[in-house]
Amino acid sequence: MDVAAIELKNITKRFGKIVANNNVCLSVYRGEILSLLGENGSGKTTLMNMISGIYFPDEGNIYIDGKEVVIRSPKDAFDYKIGMIHQHFKLINVFTAAQNIVLGLKSKEKFDIKTVSKQVKAISEQYGFDLDPNKKVYEMSVSEKQTVEIIKVLYRGADILILDEPTAVLTPQETQKLFAILRRMRDAGKAIIIITHKLHEVLALSDKVAVLRKGEYIGTVNTAETNESELTEMMVGKKISLNINRSEPKDLVDRITVEGLTCINPEGIKTLDNVSFSARSGEILGIAGIAGSGQRELLESIAGLQQIENGSIIYHNPKTGADDELRGKSPIKIRDLGVRLSFVPEDRLGMGLVGNMDIIDNMMLRSYRKGKSIFLERKKPKDLAERIISDLEVVTPSAQTPVRKLSGGNVQKVLVGREISASPTVLMAAYPVRGLDINSSYAIYNLLNQQKEKGVAVIFVGEDLDVLIELCDRILVLSSGKVSGIVDGRGADKSNIGLMMTSYSGGEAYENV
C-alpha cells in the first residue's frame, strides 16, 4: 500500500465558539490530483491554511510520507516541500518574474539572476509553462502572474501543491493550458490539491474529490465514479436542482442605450473605448471579459460613479416615457430613476456594507438620507432583512448580527438581496456569485431570472463562461475596453467567447444580435 504524501488525522480548528474544522481526516497521494469541495464556510481554506503553516490546528495530527510533522509557519511548510498558490497573488509589480521567484529566499551567496533565469526556463520547459523570466510583473496578464506564483513554489522544491480557486480569473483557453500543466505535474509524481467551486472542472481534472460540509469531512470519491448531482448532494446534504431556469425574453424594450462611451483613467489610459450597446427590459445581458477589461468602469459609468470622457447613456424611462441622459447626473439621481448597481468587490465589506453594523442597519443605509425625522423607522428594514435572510438562506444567528461576523458568501447575499429588494428597472449585478458555493449561486441566478421576468433589464458581469452561456440571453464581450462582439447566449460557443475576450477574430458568432 502506498504511503500518503500528506495525511490529516482528526484535525480540529476553532475560532472562539466557531468550529471551522471538526475531526477532519484526509489523504493525498503522489501522482494524484485531489479536488476539495464544499459550500462557503465549510472549512476548505482553513484546512489548507493549516497544511501551509498559516494556521495551527487545535487538535489532530499531520503526517508527511507516513511521518508525523509539526507545521507552525509557511517556512516549516516549505521545508516539507508544501507550496500553496493563493487566489490573490503576492508579487512585486516592478520586479521581474525571476526576481519575484527568488524573493525572500536565503542564500549565502548573492543570487545570480542569469542563473535563476536559466533555472526558471528549465522548470517552464519541463512542465510546459510559457514565461519570460525577465518580464516585469506589471506587464503581465493574469495567467502569467499565476504562472510566476506556481513556478515560485516549484523553484523552492515543492512537491505537494495546493491551489486555491486557480481558474477564477482565467479564460477557457488559459484554463485548459493550466490543466495540461497540472496533469504533467501529477505525472511527474507531485501531489496536487485544488480548491474550486466549478464542478465541471472538478470532473474534468481531478482523480479524486474530497467533500467538506459545515467543517466536517464527508468523504472522498473517485472522480470517474461520480457526477455533479452526487457531489452537490454530498456538499449540501440534500438533492438540489442544478438547472438555471432561463425563461424566454418577453416584451423586450430598450431600457438603456449606450453610445460611443469612452473613459480615461488618471494615468491617461483608455479604460473604455467607444463602447455602444443597448440593455433591454425582460432580458439578462451578460458582460464577459478577462479581469480588467473595463467591466467595472462600464457599470460605474451607468451608475454615475465614473468620469466619462465621451459618449452618451440614455435611460428610456418607463414611468414618464422620457429619454433621460444619465451622463452628468449624480449617482443618487440615477438610483432614484430606478438604475441600481450591486457590485460585489473582492473586499465585500470595503464597498457596499458596513461591517460593524448589523444586517438591519445595512438595509437602512439606502434610506437614511430620506429620513425627515430624528427617529429612524426600523420596521421596514427589519422586515426586509428577515425576508432576505429567509429567501436567500443567509446563515446568521439573527438580523441583529454584525455583518463582519458572517462568512463571505452570506455577506454577498445581503449585498445582492438589498439591491433587488429596491424594485429597480435596471439591475446591474457585478460578480454576484464570486466565491459562493453552488447552492447559494443557483439561488442568486434564479433571483436574477425572476427580476428579468418582472420586466427588469438585468446586466450581469460574471467570471464563469459556462454560467454566462446558461443564464444570459445575450453576451457582450469586452477586450481591453472595446466591444469585440455581442452573441446570443443560447448556443454560444465557449471557446469562441474565450478568443473574443483576448481579441482574436472568428467568424459568424461575433456578429451583433
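Every number here is computed from the coordinates shown, using simple stated rules; none is lab data. Predicted model only: the values in this text are computed from it and were never measured. With ideal geometry, Cβ positions are generated from the backbone for all residues, glycine too; neighbour counts draw on all protein chains shown.
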*Throw me the Rg/Rh for segment 6-236, computed over C-alpha atoms with Kirkwood Rh, two decimals.*
0.97
*Antiparallel bridge percentage (DSSP; both residues within segment 6-236; nearest 5)*: 55
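Please work out how much length the chain gains when fully extended from F111 to K67, using 0.36 nm per residue of separation minus the C-alpha to C-alpha distance, in nm with one decimal. Intermediate results must be reported in sequence, preceding the final value.
Values: separation 44, 0.36 × 44 = 15.84 nm, distance 3.35 nm.
Once the chain is fully extended between F111 and K67, it gains 12.5 nm.
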*asked:* Show log10 I(q)/I(0) for segment 50-155 at q = 0.11, 0.17, 0.23 Å⁻¹, two decimals, from a solvent-free Debye sum over equal Cα scatterers.
replied: -0.40, -0.85, -1.22
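Evaluate E = 1/(1 + (r/R0)^6) for V253 and E139, where r is the Cβ-Cβ distance and R0 equals 56 Å; express this FRET efficiency to the nearest 0.05. All intermediate terms of the calculation are to be shown ahead of the outcome.
Values: r = 44 Å, r/R0 = 0.79.
Once rounded, the FRET efficiency stands at 0.80.
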*Please report the Cα spread of segment 161-250 along all three principal axes, rounded to whole Å, starting with the longest.*
51, 35, 23
_If packing is taken as the average number of other Cβ atoms within 10 Å across a peptide's residues, how do 287-294, 211-218 rank, most packed first?_
287-294, 211-218
*Give the relative contact order (percent, whole number) for the chain; include only Cα pairs under 8 Å separated by 6+ residues.*
15
*Packing-based ranking, highest mean first, of 418-426, 304-312 given that Cβ atoms within 10 Å are counted*: 418-426, 304-312
*Pull up the cross-link candidates among the aspartates and glutamates for K208, meaning alpha carbon to alpha carbon under 13 Å and not fewer than 8 places away within one chain.*
E32, E225
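After finding the eigenvalues of the alpha carbon gyration tensor for segment 109-265, what semi-axes result from the square roots of 5 times each, listed largest first in whole Å?
Working: eigenvalues 249, 165, 31 Å².
Ellipsoid semi-axes (Å, largest first): 35, 29, 13.
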*Loop-resident sites, segment 264-321, for trypsin sites (Lys or Arg not before Pro), counting at most 16 other Cβ within 10 Å (DSSP)*: K319
*Which parts of segment 51-65 would a label at Q126 reach, counting a residue when its backbone N lies under 20 Å from a point 7 Å out along Cα-to-Cβ?*
65
*Can you put C472, C263 in order, fewest other beta carbons within 10 Å first?*
C263, C472
*What whole-number value in cubic angstrom gives the convex hull volume per residue for the C-alpha atoms of segment 248-327?*
89
*Which entry in (i) 3, 16, 23, 21, 15, 11, 6, 3, 1, 0; (ii) 3, 13, 17, 18, 16, 12, 8, 5, 4, 2, 2, 0, 0; (iii) 4, 17, 26, 26, 18, 8, 1, 0 is this structure's computed P(r) over Cα pairs in 10 Å bins from 0, in percent?*
(iii)
*With a point put 7 Å past each Cα toward its Cβ, work out how far R14 is from N317 in nm, to one decimal.*
5.9
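Ranking H86, H200, H316 by Cβ neighbours within 10 Å, fewest first, what do you get?
Numbers: H86 17, H200 11, H316 21.
Ascending Cβ contact count within 10 Å gives the list H200, H86, H316.
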*Only helical DSSP H runs with n ≥ 4 go in: add -39500 (n - 2.57) per run for the chain, normalise by residue count and round the 222 nm mean residue ellipticity to 500 deg cm²/dmol.*
-9000 deg cm²/dmol
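Please give the length that would be gained between Y29 and S423 if that part of the chain were fully extended, namely 0.36 nm times their separation in residues minus their C-alpha to C-alpha distance (nm, one decimal).
Numbers: separation 394, 0.36 × 394 = 141.84 nm, distance 5.18 nm.
Net length gain for the segment: 136.7 nm.
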*Taking 7 Å along the Cα-to-C-beta vector as the label spot, tell me the Q176-K405 distance in nanometres, rounded to one decimal.*
4.9
*asked:* When the expected Rg is taken as 2.2 N^0.38 Å, what fraction or multiple of it is the alpha-carbon Rg of segment 169-208?
replied: 1.14
